[in-house]
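Read the structure below first, then the notes.
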Amino acid sequence: MRGVWAFGLLAVLAAPACAGERTPVIEEPAGEAIWEASCARCHRDADKALARVSWVLTGQLPPERAVWLRDFILNHHPPAHDKIETLAGWLAQR
């Protein structure tokens with residue numbers, strides 16, 4: 001009886017994959033897309049832009065860097081408010 005249940009559970013779990021449902025693929029990271037749309041016109045290279053503020057980011061972990069970058073972006077030329085966290089997080093990982 002357990003074998004029937006296991007087979008049934010396996011069939012239920014595998015059904016979405018067999019039905020052709022796929023997980024959407026994001027070709028470009030969201031942070032990079034926001035950078036390209038909102039920042040790249042003036043700051044072509046994200047790494048060079050980060051180098052200009054590296055004095056404050058050196059020695060900080062990515063979460064701390066993201067907080068500082070978020071505040072900086074808010075006072076600079078921010079993209080839409082719902083995109084600031086994503087952009088700051090992306091930059092903090094670089």
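Near THR86, once Lys and Arg are set to +1 and Asp and Glu to -1 for all other residues with Cβ below 11 Å from its Cβ, the sum equals -1. Label separation (GLU32 vs GLN60): 2.4 nm, computed from points 7 Å beyond Cα along the C-beta direction. In order along region 60-77, the phi-based Karplus estimate (6.51 cos²θ - 1.76 cosθ + 1.60, θ = phi - 60°) of 3J(HN,Hα) comes to 8, 6, x, x, 5, 4, 5, 5, 4, 5, 4, 5, 5, 4, 4, 8, 9, 10 Hz; Gly and Pro are listed as x. Going from the fewest other Cβ atoms within 10 Å to the most, the residues ARG70, ARG44 appear in the order ARG44, ARG70.
Each reported figure results from applying straightforward, stated rules to the coordinates on display, with no laboratory input. Small disclaimer: the values here were computed from a predicted structure and weren't measured. As a convention, Cβ positions derive from the backbone with ideal geometry for all residues, glycine included, and neighbour counts pool all protein chains shown.
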